[in-house]
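This report concerns only the one structure given below.
The values are calculated or read from the model by the stated rules, or taken from the named source; none is laboratory data. Computed from a prediction, not measured in an experiment: that's the story for all the values here. Note: ideal-geometry Cβ built from the backbone for every residue, glycine included; neighbour counts use all protein chains shown. Side chains included, ligands, DNA and RNA excluded: accessible areas come from the protein's heavy atoms. Shrake-Rupley method; radii C 1.70, N 1.55, O 1.52, S 1.80 Å.
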Amino acid sequence: MHKLAAIAARETAQLTEFIALLKLEQDALKRADASALPAISEQKLRLVEALNAIEQERGAALGADAGENARSAMTRWLAANPEQKSIAAGWKNLMDLAREAKQLHELNGQLIKMHLHQTGELLAALTQQFQKNTLYGSDGQTSSTSGSRIVDSA
């Protein structure tokens, strides 16, 4: 097996695991299960680090120039090696998985924004309700009303 094929196979496995984790995160967000998110975030970080390491390994195997991104290095290598059809197919599959991961990540980001917006609205409503129930006492300081009226008698 060609070294690039082996790297692509490992990268595909890691990316597939990352997609499954993004789907798990999405399910937790849909259920508003915030307690599941820290563990998922830790796993995502671990997988991103592993994917970055594999990408560097692939870049070294391709002889990528300093600053050359993975896509252009691979495109250059595939153009120079058109007989490597299985590696080209693996690369296409990897790019398809990367697009899927990006879409899932963006959707999860939108779900998080939605939850933050709802939380902000709830906090604003609670804060506004608290402010409505605040009165000024005889000393000029604010005090919460109990809902009953106290009549001063002298």
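Does ASP139 meet the test of being loosely packed, with under 12 Cβ neighbours inside 10 Å, at pLDDT below 90 and touching a helix residue (DSSP H, G or I) at 6+ places or on another chain (Cβ under 8 Å)?
Against the criterion (loosely packed, with under 12 Cβ neighbours inside 10 Å, at pLDDT below 90 and touching a helix residue (DSSP H, G or I) at 6+ places or on another chain (Cβ under 8 Å)), ASP139 does not qualify.
Would you be able to say whether some residue in the stretch 107-114 is modelled with pLDDT of 60 or more, open to solvent by less than 100 Å² (accessible area, probe 1.4 Å) and either in a loop (DSSP other than H, G, I, E, B) or farther than 30 Å from LEU24 by Cα (or both)?
There is no residue in the stretch 107-114 that is modelled with pLDDT of 60 or more, open to solvent by less than 100 Å² (accessible area, probe 1.4 Å) and either in a loop (DSSP other than H, G, I, E, B) or farther than 30 Å from LEU24 by Cα (or both).
Would you pick out the residues in the stretch 22-39 that are surrounded by fewer than 18 Cβ atoms within 10 Å (Cβ to Cβ) and under 15 Å from ALA101 (Cβ atoms)?
Correct list: LYS23, LEU24, GLN26.
From ARG46, ARG76, grab the single residue that is under 28 Å from the mean Cα position of the chain (by Cα) and basic (Lys, Arg).
Going through ARG46, ARG76 in turn, the sole match is ARG46.
Within the stretch 40-87, restricting attention to residues that are touching a Leu at 6+ places or on another chain (Cβ under 7 Å) and within 28 Å of LYS113 (Cβ to Cβ), which residue is surrounded by the fewest Cβ atoms within 10 Å (Cβ to Cβ)?
Out of the qualifying residues, it is GLN43.
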